[in-house]
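> First the structure, which I've put down as structure tokens, then a few questions once you've had a look.
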There are 2 protein chains.
Amino acid sequence: MTLPQQRITLVSLGVADLDRACAFYAALGWSPTVQADGMACYQLQGQALMLFGRAALAEDQGRAEAELGTGAMTLAQNYTTRDDVDAAYAHAIAAGARALTAPEPVFWGGYSGYFADPDGHVWEVAHNPCWPLAADGSLTLPEAP
Amino acid sequence: MTLPQQRITLVSLGVADLDRACAFYAALGWSPTVQADGMACYQLQGQALMLFGRAALAEDQGRAEAELGTGAMTLAQNYTTRDDVDAAYAHAIAAGARALTAPEPVFWGGYSGYFADPDGHVWEVAHNPCWPLAADGSLTLPEAP
């Protein structure tokens, strides 16, 4: 192996109530690959998202549960059009997400909205005209101008 | 576009001091694709990681900065061997990461350690013998047994 390894293989979200969290992601239309033993795991593009209990997450991290917060971090989905952002945002709100900011034009030249899942984990849905996406929705950053 | 879109294009970390955060990720050996205008952006595998100020992150999210926490979420890198986990962990600590739990065998049959970046964002380095990785380090979840 050579270091560094500039990648994220797994994003794990600590949740207060796994059934509630799974119901939300199911309402979004997401399908878990594995759902058992107090966790649910979703295949993303070359990585996975896992949901499991906050207490277990804190214990794994070697920290007190009281030390945990949420949201100084954003999980984002970029889309190829503003209409797609609007559709994704409406889809999330209909699934029970908490609205934070409705999609609107933003200072960096794009179009973006924010919502939170039942545990306060923050998602952004955005269109960035300077960030073209591959057909599979994956992102390759353009070089700095 | 068809919904749902089961993917994460961008992970954004709110940081108290961008220079300090960039210095940490540079010490890890990571190279930003773009570093300008109060942010730094790193190409990962089909997605990007962005660092920018906590206040700006809170404003973008439509929330008060006081509402932000860190760490009810883990960003993980899986490796193909325990030795690779040890090397990645030592590399992070040498780069200035805060040690949370040193790599050790864990109940789910793998080997895992945790550290925090300068803003408390938690990273896990792990080997999961049931999760083989592709040559590029990307993950495809096995089906449930």
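Since every read-out is calculated from the coordinates, none of them should be taken as a lab result. For clarity, every value in this text was computed on a predicted model and none was experimentally measured. Positions of Cβ are backbone-derived with ideal geometry, glycine not excepted, and every protein chain shown enters the neighbour counts.
> So if we plug the beta-carbon distance of residue A:135 and residue A:64 into 1/(1 + (r/R0)^6) with R0 = 45 Å, what FRET efficiency do we get, rounded to 0.05?
Between residue A:135 and residue A:64 the formula returns 0.50.
> Another one. For region A:70-145, treating each Cα as an identical point scatterer without solvent, what Debye log10 I(q)/I(0) comes out at q = 0.22 1/Å?
Summing over Cα pairs of region A:70-145 leads to -1.00.
> Across peptide A:120-132, what mean number of C-beta atoms from other chains lies inside 10 Å of a residue's C-beta?
3
> What do you get for the angle between helix B:18-28 and the principal long axis of chain B? Use alpha-carbon atoms, 0 to 90 degrees, nearest ten.
20 degrees
> Let me ask something else about it. Sum -39500 (n - 2.57) across every DSSP H segment of at least 4 residues in chain A, then divide by the residue count to get the 222 nm mean residue ellipticity, nearest 500.
Calculated from helices alone, the mean residue ellipticity at 222 nm is -6500 deg cm²/dmol.
> A further question on this structure: Please identify, among B:107, B:52, B:24, the residue showing maximal mean-square fluctuation in a Gaussian network model of chain B using a 10 angstrom Cα cutoff.
Looking only at B:107, B:52, B:24, the biggest GNM fluctuation is shown by B:107.
> May I ask for the distance between the Cα centers of region A:16-48 and region B:15-75, given as a whole number of Å?
25 Å
> Follow-up. Which translational diffusion coefficient, to the nearest whole µm²/s, is obtained for region B:1-104 from the Stokes-Einstein equation, given a Kirkwood hydrodynamic radius over C-alpha pairs, 10 °C and 1.306 mPa s?
101 µm²/s
> Turning to a different aspect of this structure: Label-to-label distances across copies for residue B:67, with labels 7 Å out along Cα→Cβ, in nm, shortest first?
The answer, with the shortest distance listed first, is 2.5 nm.
> Taking amide H atoms as placed 1.01 Å from N in the peptide plane, list the residues 5 or more away in sequence, or in a different chain, whose amide H sits under 5 Å from that of residue B:34.
B:41
> Only Cα pairs under 8 Å and at least 6 apart count here; give the relative contact order of chain A as a rounded whole percent.
Over chain A, the number comes to 21 percent.
> Just to be sure I understand: with springs between alpha-carbon atoms less than 10 Å apart, which residue in B:41, B:130, B:22 has the highest mean-square fluctuation in the Gaussian network model of chain B?
Ranking B:41, B:130, B:22 by mean-square fluctuation puts B:130 first.
> Can I ask one more? Could you give, in nm with one decimal, how far residue A:99 is from each other copy of that position, shortest first, with labels 7 Å out from Cα toward Cβ?
Taking the point 7 Å beyond Cα along Cα→Cβ, the inter-copy spacings are 4.9 nm.
> Report the gain in length on full extension from residue A:106 to residue A:55: 0.36 nm times residue separation, minus Cα-Cα distance, nm rounded to one decimal.
Working it through step by step, the gained length comes to 14.7 nm.
> Does the protein assembly as shown come out rounded, prolate or oblate, given a ≥ b ≥ c as the square roots of the eigenvalues of its C-alpha gyration tensor, rounded meaning a/c under 1.5 and, failing that, prolate meaning a/b above b/c?
It is rounded, given that a/c, with a ≥ b ≥ c, falls under 1.5.
> Here is a follow-up. How far apart are the residue A:16 label points across copies, placing each 7 Å from Cα toward Cβ, in nm, shortest first?
Reported distances to equivalent positions: 2.6 nm.
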